[in-house]
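Only one structure is covered here, and it is reproduced in the block below.
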């Protein structure tokens, strides 16, 4: 594949659209430029209301700007393990893992989820803001492997991607699927029909710290599925603003803020605390300010009081464990 195919339409000002772009506008979505995509930052609900609704019920996020890649061939695991730090060979069918693309110096190029599907391919979801360099990295390595006699090829999925997140998300989804979602643990997936839309890959994961799923759905059926999900009064549309504050409360990293090519996986695995602040916002749930960042090793002990400069004013802060708000992922006992 010579070019990069994404489920998008051309838009004025050079921004790309997801299949739900017109729907977002109809629903009153406030559209902003995010990594070259026209994306909703919020809807009728305020950022705070949307955030708390996700924690209390469930919200639907359009994440179709993410890059979805399928990796085929007998050497697909060898290929992926040459790029990421994860143990892909040990994944069970339809099990996924969070991993990292790294450069030759060990710096993080992007974070991603890799799933070893029972359909004999790897399903990779990586960040929209890194899609060009991720694609170039994967294409380059695939070409090198093929030149050495290896068997691997890539396909960019044209599916849209929806994230249904919150404590009632799976309850809502269960009414529209025949599979028993209680048997689908965190970071696993299955292909199923969802409210009559066939061929959807449902992955139990998300970026909020809540239980929930990401649904890869055929592009032409995306609006239909969203409208069906929104019939349940527990479901509200949510945008980028709530997504960002939810992930920060959950202690989840944002590429470009908390991790980048100057950060190694070892550093990223440390308890992240205040010092050089990388992400921060008022926590709607805790009703106090929270942040992630880096400090020297001798200041990293939980309970250490440090000083943080905010608008040229020194403010006291406390080193604490993360996540700030406990996660509620569904794990099998």
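Read-outs throughout are calculated quantities, based only on the coordinates presented, and are distinct from any laboratory measurement. Treat the numbers as computed from the prediction; the structure is a model and nothing was measured. Every residue, glycine as well, gets a Cβ built from its backbone with ideal geometry; the counts of neighbours run over all protein chains shown.
Could you give the alpha-carbon Rg of the range 23-81 over 2.2 N^0.38 Å, rounded to two decimals? Could you put the intermediate results ahead of the total?
On the way: Rg = 17.1 Å, N = 59, 2.2 N^0.38 = 10.4 Å.
Output field value: 1.65.
Give me 183, 16 sorted ascending by neighbouring Cβ count inside 10 Å, so fewest comes first. Don't skip to the end; give the middle numbers.
Working: 183 9, 16 19.
By the 10 Å Cβ count, ascending: 183, 16.
Quick one: check the C-alpha center-to-center distance for the range 250-265 versus the range 69-122, whole angstrom.
So the two Cα centres are separated by 19 Å.
For Cα pairs less than 8 Å apart in space and 6+ apart in sequence, what is the mean separation divided by the residue count of the chain, i.e. the relative contact order in percent?
Details: 689 pairs, mean separation 60.6, N = 333.
Relative contact order comes out at 18 percent.
By counting other Cβ atoms within 10 Å of each Cβ, how are 244, 134, 179 ranked from fewest to most?
Numbers: 244 19, 134 22, 179 15.
In order of increasing Cβ crowding within 10 Å: 179, 244, 134.
To the nearest 0.05, how large is the calculated FRET efficiency for residue 87 and residue 158 if R₀ is 30 Å and r is the Cβ-Cβ distance?
The calculated FRET efficiency here is 0.50.
How are the Cα pair distances of the range 153-195 distributed, in percent, across 5 Å bins from 0?
Final binned percentages: 5, 16, 25, 29, 12, 8, 4, 1.
Test of understanding: what is the full-extension gain from residue 305 to residue 333, defined as 0.36 nm times their sequence separation minus their Cα-Cα distance? Intermediate results must be reported in sequence, preceding the final value.
Details: separation 28, 0.36 × 28 = 10.08 nm, distance 3.76 nm.
Full extension from residue 305 to residue 333 adds 6.3 nm.
Just to be sure I understand: of the beta bridges DSSP finds with both ends in the chain, what percent are antiparallel, rounded to 5?
Numbers: 62 of 67 bridges.
In the chain, approximately 95 percent of DSSP beta bridges are antiparallel ones.
So how long is each side of the chain along the principal axes, counting just the alpha-carbon atoms, biggest first, in Å?
55, 51, 50
How much length, in nm to one decimal, is gained on full extension between residue 105 and residue 175, taken as 0.36 nm per residue of separation minus their Cα-Cα distance?
Numbers: separation 70, 0.36 × 70 = 25.20 nm, distance 4.79 nm.
Taking 0.36 nm per residue and subtracting the Cα distance, the gain is 20.4 nm.
How fast does the range 1-136 diffuse by Stokes-Einstein, in µm²/s, taking the Kirkwood radius from C-alpha pairs at 20 °C and 1.002 mPa s? Each step should come with its number before you reach the end.
On the way: Rh = 17.0 Å.
Answer from the Stokes-Einstein relation: 126 µm²/s.
Determine, for 285, 200, 315, the number of other Cβ atoms within 10 Å of each Cβ, and report the residues in order from fewest to most.
On the way: 285 16, 200 22, 315 12.
Least crowded to most crowded, the residues run 315, 285, 200.
Would you please give the FRET efficiency between residue 133 and residue 315, computed as 1/(1 + (r/R0)^6) with r the Cβ-Cβ distance and R0 = 56 Å, to the nearest 0.05?
E(calc), rounded to 0.05, equals 0.95.
Run lengths n ≥ 4 of DSSP H only: what is the helix-derived mean residue ellipticity at 222 nm for the chain, with -39500 (n - 2.57) per run over all residues, to the nearest 500? If you can, show how the numbers build up before the last one.
Values: 8 runs with 67 residues, N = 333.
That calculation yields -5500 deg cm²/dmol at 222 nm.
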